[in-house]
1. Out of B:Phe14, B:Phe69, which single residue is in a loop (DSSP other than H, G, I, E, B), facing another protein chain (nearest Cβ under 8 Å) and touching a residue at least 12 places away in the same chain (Cβ under 8 Å)?
2. Name, by its number, the condition in (1) more than 14 Å from every other protein chain (Cβ to nearest Cβ); (2) among the charged types (D, E, K, R); (3) surrounded by 17 or more Cβ atoms within 10 Å (Cβ to Cβ) that does not hold for A:Arg395.
3. Considering only residues that are among the charged types (D, E, K, R) and within 16 Å of the ligand (Cβ to nearest atom), which ones fall in segment A:248-267?
4. Among the listed residues A:Ala188, A:Ala179, A:Ala131, which satisfies the condition of being hydrophobic (A, V, I, L, M, F, W, C) and more than 22 Å from A:Glu235 (Cα to Cα)?
5. Could you check segment A:237-247 and list, in sequence order, the residues that are assigned to a loop (DSSP other than H, G, I, E, B), near the ligand (Cβ under 10 Å from one of its atoms) and either within 11 Å of the chain's Cα centre (by Cα) or not charged (D, E, K, R) (or both)?
6. Among the residues of segment A:371-378, are any touching an Asp or Glu at 6+ places or on another chain (Cβ under 6 Å), buried (at least 20 other Cβ atoms within 10 Å of the Cβ) and not acidic (Asp, Glu)?
7. For segment B:99-144, how many residues are outside any loop (DSSP other than H, G, I, E, B) and in contact (Cβ under 8 Å) with a residue 12 or more places away in the chain?
8. Does any residue in segment A:307-318 that is without any contact (Cβ under 8 Å) to a residue 60 or more places away in the chain come within less than 8 Å, Cβ to Cβ, of a residue that is among the aliphatic types (A, V, I, L, M) and crowded, with 18+ Cβ neighbours inside 10 Å six or more places away or on a different chain, and which pairs are these?
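The values are calculated or read from the model by the stated rules, or taken from the named source; none is laboratory data. Quick caveat: nothing in here was measured; it's all calculated off a predicted structure. Neighbour counts run over all protein chains shown; Cβ positions are idealised from the backbone, glycine included.
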Amino acid sequence: MFWNKAMETISGPDLRTLQLKRLTWTVRQAEKVPFYQSLLKNAGIRSDAIRSLDDLVKLPFTSKKDLRLGYPFGSLAVPLTEVVRIHTTSGTTGKPTVVGYTRADLENWADLMARDLTMVGLGPGDVFQNALGYGLFTGGLGFHAGAEKIGMTVIPSATGNTRRQIEMIEDFGVTAVNATPSYAMRLAEVAEEMGAGLETLRIGTFGAEPWSENMRRELEERLGITAYDSYGMSELYGPGAAFECEEKNGLHFWHDSFLIEIINPETGEQLGPGERGELVVTPLVKEAMPLIRYRTGDITMILDDVCPCGRGQKIARIMGRSDDMLVIRGINVFPSQIEHVLLSLPEVGEQFMVYIDRIHHLDEMTIEVEVNRDYFSGELGDLTHVQKRVAGVLRDSLNLRTRVTLVEPGSLPRFEGKAKRVIDRRGDIW
Amino acid sequence: MDTENFTIKQISVFSENRPGRLAAIARALQEEEINIFAFSIAEAKGFGVVRALVDKPGVAYKKLTELGFMVSFTDVIAVKMRDEPGGLFEIAKILGEAEVNIEYAYAYSGKEVAVLILRVDHVDDAIRRIRGAGGELLQSSLFT
Ligand SMILES: [Zn+2]
């Protein structure tokens, strides 16, 4: 099902023409913002010099820091009288980033959310429980607008009071729930404690934090749903910039509204489809707060395959943050890649630690993994076989030789929240 | 012939190569008043397997597992050896002729007798051939 079939499937020259027109408009909009005036001046480019989409690389990147420095309203391209809503992003340090929306921005955003929710098979007749925070966080209100727009019955349940959430699902015959994946896990736990079957529930949409395929399987099983991944961030309106379709194999970006690139986070150089790097987004229709080549910090890749649903290019599910990237003997490695490999190997657990040393001027990466008890036969030979297999699969996946050390189950640190799995000891040696 | 009477449960414990792991295993066994007849350590890169023949393998398994160790039972046989030149050769020859492969072996030499502990690929064959040739095996009832 499509909400806006023309825009969801636009491709080829039609798409490129539209993107170019909107890119030029966006740069013109940015030229109204003082900090962009100086960024563009330093880069030696103006909106009237953009002739094709290839000129994108001549434009400067925008970082989170650029936006923070403009606190509170330094990123706005319109007078405050035209701003009808403000959200902020939770800054982990210092001041938050303020994002403003014109009336047209809110309408565009709701249209994207409407596409997302329609794409996963939701519509009139569905009862949608929106268990994301309402308020300055864009999650709650963003989904709310799209869900109402497509005619669902929306329950703005927000987060908290989990038993009440379960009762509402049962009493109101809720068919779809939207939450962070970790809160969805909590819902599953409490439903099981209460003995609630959640029979009416059929779809879950989850996002705002990274979650694995294992977690997807678990949520689908325990809640009796099909679970879809969503992607977005306040700087790109909020949630809904990209979303999975029913194929559940990558997230469709809305290319009429966003121009996306993948870059090497170290060099800024553009990477091709299938190459992993940092996602850079230039929103094409944002009025209040235009952005040029915004560095999201999220690691993914553009998928080159054609989706059976007929929509445009997808990105892979987010694989980590560019801040987490390691450079080992010149090769980029993300801890999430290691996690991904370990998840596919039943012989070892999914916890791991990475140690990086420089030995004789060469980077050496040592990965500690826990042996799965069920695979311990008591024979040394079987253990060395496991060790070789893990190292072999890692080498195939990372293109890098690593040392694998087997450790006792339960002996590696468990992390709540942000994990510190990488210990880089190279600095000590120089 | 009932080979079960001679099939002994060795405990095999995964151990990282770091200080104190062997001591932790030994302390745990001591706390349970478990007697160690024989043990050996097999090492690979960064880790090893401690193999031990103890008088109460079930208790040892439970205790070590509770402490977080990874433990499994391995079937072995224990052959009495003449404690004199040629003792080992005798046993190796019997198994070789029976085409039984020795995966590893370790020995202990007590006051009265030397015992060879063998991990072989065909336990039942090994027991039958050794006994058939007049060899003497320790009974598994010693280790329960
Ligand atoms: Zn699709």
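1. Result: B:Phe69 is the single residue among B:Phe14, B:Phe69 that is in a loop (DSSP other than H, G, I, E, B), facing another protein chain (nearest Cβ under 8 Å) and touching a residue at least 12 places away in the same chain (Cβ under 8 Å).
2. (3)
3. Residues of segment A:248-267 that are among the charged types (D, E, K, R), as a first pass: A:248, A:256, A:261, A:266.
Within segment A:248-267, A:Lys248, A:Asp256 qualify.
4. Unique residue meeting the criteria: A:Ala188.
5. From segment A:237-247, those assigned to a loop (DSSP other than H, G, I, E, B) are A:237, A:245-247; that's our starting set.
With near the ligand (Cβ under 10 Å from one of its atoms) added as a condition, the list becomes A:245-247.
Selection gives A:Cys245 alone.
6. No, segment A:371-378 has no match at all.
7. 29
8. Close Cβ pairs satisfying both conditions: none exist.
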